[in-house]
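The values are calculated or read from the model by the stated rules, or taken from the named source; none is laboratory data. Everything numeric in this text was worked out from a predicted model, so none of it was measured. Cβ sites come from the backbone with ideal geometry, for glycine too, and all protein chains shown count toward neighbours. SASA here: full protein model, heavy atoms, side chains in, ligands and nucleic acids out. Shrake-Rupley method; radii C 1.70, N 1.55, O 1.52, S 1.80 Å.
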Amino acid sequence: MESEGDIQVVAEADNGQEALQQVTMHHPDIAILDIRMPVMNGLEANGCLDGLSVGLPMMGLITKVLLIWY
């Protein structure tokens, strides 16, 4: 993703719980969540993001393929 030039990856997480911690620390513009993450999956993590009031819009959830068009 960073090869696009206008995208900066600010954090990565191995599971949904880590993703929530990273979102709280870094306040990204977007979080990409895999619905098959261990510990807490992307669906559960997304539900928790709503409660954190971090202002991330819900765009979609991924499992194997991520496609982004501009």
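The residue pairs whose first member lies in the range 28-50 and is closer than 20 Å to Val9 by Cβ, whose second member is acidic (Asp, Glu) and modelled with pLDDT of 85 or more, and whose beta carbons are closer than 9 Å, counting only pairs six or more residues apart or on different chains, are Met37/Asp14; Met37/Glu18; Met37/Glu44. Taking the criterion of being open to solvent by 30 Å² or more (accessible area, probe 1.4 Å) and of a type in the set (Gly, Ala, Ser), the only residue of the range 36-50 that qualifies is Gly47.
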